[in-house]
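Some notes on the structure that comes next.
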Amino acid sequence: MDLHLPLSRIKLLNPEFPNKSTGIINGKSSGLLNWNDISYPQIYDLYQILLSNFWKAQEINMQDDIKQWDHLSSTEQDVFLRINTQLACLDSLQTPTMCQVMDYVTDSSFKAIFAVIAQQEAVHNESYSYILSSLVPLSEQNNRFNQAKTDPIVQKRNQLILDVYESFRENPTPQNLFKLGVNSINLEGIYFYAGFAFFYHLARQQKMLKTSTMISYIQRDEMQHAYFMAQFLRILLTENPELNTDANIEYVYNAVGQAVQLEKEWANVILRDIDGIELSEYEGYTEYLANKRLRQLGLQNLYIERANPMPWIHVFSDEMMNGTKSDFFEQKSRTYAKVTQSNGFDEL
Ligand code: ZN
Ligand code: ZN
């Protein structure tokens, strides 16, 4: 396999091939999905977890938050609207990207997961709109979206991910798919959290609790998405050892390190006027999250090992989501460990 040749867009139906795909990319697959005959049965469990998390914005009555809104300080209102629209921007990118990946992934069970993730991103997007429509008129919503589009610190933060997503759109090679997966983990598993921290901070002061309920549902989904992307990458690298190189493992550490840096910069801007969130503590939290994402990939901590410095952000913890195995890799020596198929599932 040439890592730099575009994957072909697979045909919808290939009757000569089995339903159980021979690979997640470049596999022989009929295109039909029988969940009882799939290459990685754990993917079905993940599918069930994603579906059991199903929720929709309208289930949450915003009346209490509408009453409280006028009592927030102007700084709190400003940061609230900025974060809401900036997070909506991230989800807006993720919906079409997950759909696009489906064209090149040959395993039908993985396509189904990407479809569910895309659907959930659409729900997230709607929930940000739902919150906005409860609180401010459309003209103000549009101002805030324009602000999110032109804010240089937001642009800088998102550019890293955008560049990689656009590269895959233009040139859907295995190498670009690998990079897309890594940057998806950054988006799902690191970039949302300064925003989440703000809403949970309001909630612990008993403010805007309906919004934070929605945020906690979004967080639960995002954590599951980051986890799936980690599993997807591990399988991709295991099935395609040409991708499992020292250079690519180094790419993961660098990309995660850059995302941590950008998230810290953004947090320092967006949260600097909010009393009660220690920015140095948030920086430690970002590093703590990055270590977690790397361990889910079967890699080593990039930052010092620490307990969660902001436990109040973790309404849903990774441990709670994925059972007992999340620390499996913590004891390994700090080397560029290659990904193997067997270590691909120990954290599932
Ligand atoms: Zn989302
Ligand atoms: Zn997501």
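The values are calculated or read from the model by the stated rules, or taken from the named source; none is laboratory data. As the structure is a computational prediction, the values presented were derived from the model and not from experiment. Positions of Cβ are generated from backbone atoms using ideal geometry, with glycine treated the same way; all protein chains shown enter the neighbour counts. Only protein heavy atoms, including side chains, enter the accessible area calculation; ligands, DNA and RNA are left aside. Shrake-Rupley method; radii C 1.70, N 1.55, O 1.52, S 1.80 Å.
I need every pair where a residue in the range 225-249 that is within 17 Å of residue 302 (Cβ to Cβ) and among the acidic types (Asp, Glu) has its Cβ under 7 Å from the Cβ of a residue that is open to solvent by 10 Å² or more (accessible area, probe 1.4 Å) and more than 16 Å from ligand 2 (Cβ to nearest atom), sequence separation at least 6 or different chains.
Taking only residues 6 or more apart or on different chains, the pairs are 246/336.
Of the conditions (1) open to solvent by 30 Å² or more (accessible area, probe 1.4 Å); (2) of a type outside the set (Gly, Ala, Ser); (3) modelled with pLDDT of 95 or more, residue 150 clears all except one; give me its number.
Just one mismatch for residue 150, condition (3).
Residues being within 16 Å of residue 240 (Cβ to Cβ) and open to solvent by 90 Å² or more (accessible area, probe 1.4 Å): count how many of those fall in the range 6-25.
Final tally of qualifying residues: 1.
For residues in the range 218-272 being among the small types (Gly, Ala, Ser) and crowded, with 17+ Cβ neighbours inside 10 Å, which is nearest to ligand 1 (Cβ to nearest atom)?
In this case the residue turns out to be 226.
Identify all residues within the range 179-192 that are in a helix (DSSP H, G or I) and open to solvent by less than 10 Å² (accessible area, probe 1.4 Å); write none if there are none.
Residues of the range 179-192 that are in a helix (DSSP H, G or I), as a first pass: 179-191.
Listed by number, the residues that qualify are 180, 181, 182, 183, 184, 185, 186, 187, 188, 189, 190, 191.
Given (1) within 16 Å of ligand 1 (Cβ to nearest atom); (2) open to solvent by less than 10 Å² (accessible area, probe 1.4 Å), identify the lone condition not met by residue 198.
(1)
Which one of these does residue 156 not meet: (1) open to solvent by less than 70 Å² (accessible area, probe 1.4 Å); (2) in a helix (DSSP H, G or I)?
(1)
Just one of (1) more than 14 Å from ligand 1 (Cβ to nearest atom); (2) surrounded by 19 or more Cβ atoms within 10 Å (Cβ to Cβ); (3) more than 30 Å from residue 240 (Cα to Cα); (4) not aromatic (Phe, Trp, Tyr) trips up residue 109, so point out which.
With respect to (1) more than 14 Å from ligand 1 (Cβ to nearest atom); (2) surrounded by 19 or more Cβ atoms within 10 Å (Cβ to Cβ); (3) more than 30 Å from residue 240 (Cα to Cα); (4) not aromatic (Phe, Trp, Tyr), residue 109 is out only on (3).
From 286, 245, grab the single residue that is among the hydroxyl-bearing types (Ser, Thr, Tyr), touching a helix residue (DSSP H, G or I) at 6+ places or on another chain (Cβ under 7 Å) and closer than 30 Å to residue 176 by Cα. Write out each step before concluding.
Numbers: 245 fails: touching a helix residue (DSSP H, G or I) at 6+ places or on another chain (Cβ under 7 Å).
After applying the criteria, what remains is 286.
Pick out the one residue from 2, 65, 37 that is assigned to a loop (DSSP other than H, G, I, E, B), at pLDDT 95 or above and of a type in the set (Asp, Glu).
Testing whether each residue is assigned to a loop (DSSP other than H, G, I, E, B), at pLDDT 95 or above and of a type in the set (Asp, Glu) leaves just 37.
State whether one or more residues within the range 93-113 are under 29 Å from residue 272 (Cβ atoms) and either free of Cβ contacts under 8 Å to residues at least 40 places away in the same chain or among the aliphatic types (A, V, I, L, M) (or both).
Among the residues of the range 93-113, at least one is under 29 Å from residue 272 (Cβ atoms) and either free of Cβ contacts under 8 Å to residues at least 40 places away in the same chain or among the aliphatic types (A, V, I, L, M) (or both), which makes the answer yes.
Checking residue 104 against (1) outside any helix (DSSP H, G or I); (2) over 30 Å from residue 17 (Cα atoms), only one condition comes out false. Which one?
(2)
Scan the range 68-75 and tell me whether some residue there is in contact with a Phe, Trp or Tyr (Cβ under 9 Å, 6 or more places away or on another chain), surrounded by 18 or more Cβ atoms within 10 Å (Cβ to Cβ), farther than 26 Å from residue 45 by Cα and hydrophobic (A, V, I, L, M, F, W, C).
Of the range 68-75, the ones in contact with a Phe, Trp or Tyr (Cβ under 9 Å, 6 or more places away or on another chain) are 69, 72.
Checking the rest, the ones that are also surrounded by 18 or more Cβ atoms within 10 Å (Cβ to Cβ) come to 69.
If we keep only those that are farther than 26 Å from residue 45 by Cα as well, we get 69.
Of the ones still in play, those that are also hydrophobic (A, V, I, L, M, F, W, C) are 69.
Yes, the range 68-75 contains at least one residue that is in contact with a Phe, Trp or Tyr (Cβ under 9 Å, 6 or more places away or on another chain), surrounded by 18 or more Cβ atoms within 10 Å (Cβ to Cβ), farther than 26 Å from residue 45 by Cα and hydrophobic (A, V, I, L, M, F, W, C).
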